[in-house]
Amino acid sequence: MTSPTPAFPAPPQAFSRALGWLLAVPALLGTLISLVLPTVQTIWLSFQSGGVMRASAYVGADNYTDLFGEDEFWRALGFTLSLTLIPLLVAVIAGPLLALALDRAGTWPRRAGYVVLSLAIVTFSPVGVAAAWMRGLMSDASGITSLAEGLREPATAPGTLRLIVAAATFGVVCALAVIAFLPALRGGTVAPAMLAVGALVVLATVAVGLQSFSVGMVLTRGGPERSTETLAGLQYDYAFRMAQLGPGASIAVLTGVILGALGIIATVIAAASRLRITLTSRTETGPHGAGPSPFEGPKGSATASGPAGSWPAAGIPGPRPAEDASGSWAAPGAPAEGPAPVSSSGSPGAARRGSAGPVGVVVGVVALVVFTGAGLLCAWPWIDGVLASPGSPAGSLRVHMNTWVPALAGALVSVGVAYLAALGIGGLRPLGRGSEWLLLAFAPWLFVGAGPLGNANWQNVRNLGLIDSFLALFPPLLVSVPALLVLTLLCKGLAERAGRDFFGGVFVPSLPMAGILAGAVTLVNAHDLLWPMLVVQKPGLYTAPVAQVAQLNGFSSQAIDVGATTPVVVVAIALAALVAAQVFYLDRLAIATKGSR
């Protein structure tokens, strides 16, 4: 017989709290350097005129007065919000319905759904999709792509662009919504978790829509006659086309205020509802069982089961150590308020889930077929464009190096910093049970992308003399606040069930999620158009989206290389990784709130 591997003991309470604060320091510094200071700089710029072609001058609130007095700002705000309406309906109606159908369909329909959903995510490129729809403006356009003809006239362009954005984003929006809602269906009492997740999905969808830039930039550039101008496009026009940083910064500030409010509301919802994410047992069977997971340690290790008298690891049924009133670890036997009761399989919702019946399988398969059909129809302009795409410099090895190396490096840094803070805030709980309220320090930037801080970050890169350099392509954000929120909720849920085994119960089970989020941020960085377009003008430094836009703006008769931003090798690797993550890890996530039972 071999003796079981002992679990790593929890550190003393004072030391664990100190370590929690220490782990949060890099995120706090990263937030100060790459979020707080550029925000202050943007606010200061909004009170000035000039700044690019002429010297800056303080003008007080004149930029805001002029902005509020002009119709173009209000028209841009209204049109930008209108772009979010159909994607929002997809996220809050189609997403939950498909999630429910797959949740009740059983293992294999759900895994087939993972493949389809993953494909919709890894093939989505805003610039690539917009380039495909540009083919609809050609004289020989036919089918659904010819809808783009409506972009030529001011009266029809706004409605046409809304439909194109809705079609272009249908697959990715629905896929991400399903990924968000599925864990809420297996976290105990469904209603509270679904409501909390639904509120976060609504806020995130609106926030992303407010920063829409790439599709409109490629298809209409705000025209004709400014009928399709978005907030991000208006900011870009003022700051970089007309070289007026002050008015551009004032638009960025107003956008940032809205995004900051949405971020604070989302964080308050997560903290007030005591939202938590955890992992169900690897031994769970039935329609939701994913089988043994490669992310867990071998049987008998700290991540599977501990020796007699040790605390069980996350997701494993058994007694938990109590927490004291502050939420820190207490001595065994002390009373504590724990998470929702678990079944014998270790899953909060497993007790009420039986084997998938024939009706559930049929409904799940039909729902998946309908989604696949709708997704193929909406994505057909892009699919047809990729099949007809020739090779071009936009898809060269050099361009892909410019695209993916900075994107990956930026993701590793921003998510890595966020993960350390999540281990400290969610895992070690420096403020006890209320530790997640520390996320309010980061909340105003939860949904902020490159756009609202673009003026300040561009000015900083220019002052450093890095314009038109490879270093300028690296994303300027040092911490991913969305990753911080997700990882903190996960570490919190794992810590509540991990006992005194912090390493095996919190760190090891949460590490795959950090990797998944790093991959997601890499994709977002690589497909970003705005930041690399601001900092490089040399063709040798173009990223794939910028090279694709340059090709569209040229006068060459060569066919558009629609697939330049989605190279086959990258899509294949990302698809394999995401499907594996879905089957072996994401399929075991459960989201619960304080009201779950």
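The values are calculated or read from the model by the stated rules, or taken from the named source; none is laboratory data. Since we're looking at a predicted model, the values are computed, not measured. Virtual Cβ from ideal backbone geometry, glycine too; neighbours counted across all protein chains shown. Accessible surface areas use protein heavy atoms only, side chains included; no ligands, DNA or RNA. Shrake-Rupley method; radii C 1.70, N 1.55, O 1.52, S 1.80 Å.
Considering only the stretch 114-140, how many residues are in contact (Cβ under 8 Å) with a residue 40 or more places away in the chain and open to solvent by 10 Å² or more (accessible area, probe 1.4 Å)?
Our first condition is that a residue be in contact (Cβ under 8 Å) with a residue 40 or more places away in the chain; within the stretch 114-140, this holds for 114-136.
In the following step, the residues that additionally are open to solvent by 10 Å² or more (accessible area, probe 1.4 Å) were identified as 115-116, 119-121, 123-124, 126, 129, 134-135.
The number of residues fulfilling the criteria is 11.
The set of residues in the stretch 491-515 that are of a type in the set (A, V, I, L, M), open to solvent by less than 40 Å² (accessible area, probe 1.4 Å) and out of contact with any Gly (no Cβ under 8 Å at 6 or more places or on another chain) contains only Met513. Ser510 passes every criterion in (1) out of contact with any Leu (no Cβ under 9 Å at 6 or more places or on another chain); (2) among the small types (Gly, Ala, Ser); (3) closer than 28 Å to Val448 by Cβ apart from (1). If only residues of the stretch 548-597 that are open to solvent by less than 40 Å² (accessible area, probe 1.4 Å) and among the charged types (D, E, K, R) are counted, the one that is modelled with the lowest pLDDT is Asp561. Scanning the stretch 35-50 for residues that are more than 14 Å from Gly454 (Cα to Cα) and surrounded by 17 or more Cβ atoms within 10 Å (Cβ to Cβ) yields Phe47, Gln48, Ser49. Within the stretch 100-113, restricting attention to residues that are in a helix (DSSP H, G or I) and more than 18 Å from Gly373 (Cβ to Cβ), which residue is most open to solvent (accessible area, probe 1.4 Å)? Ranking the qualifying residues of the stretch 100-113, first place goes to Trp108.
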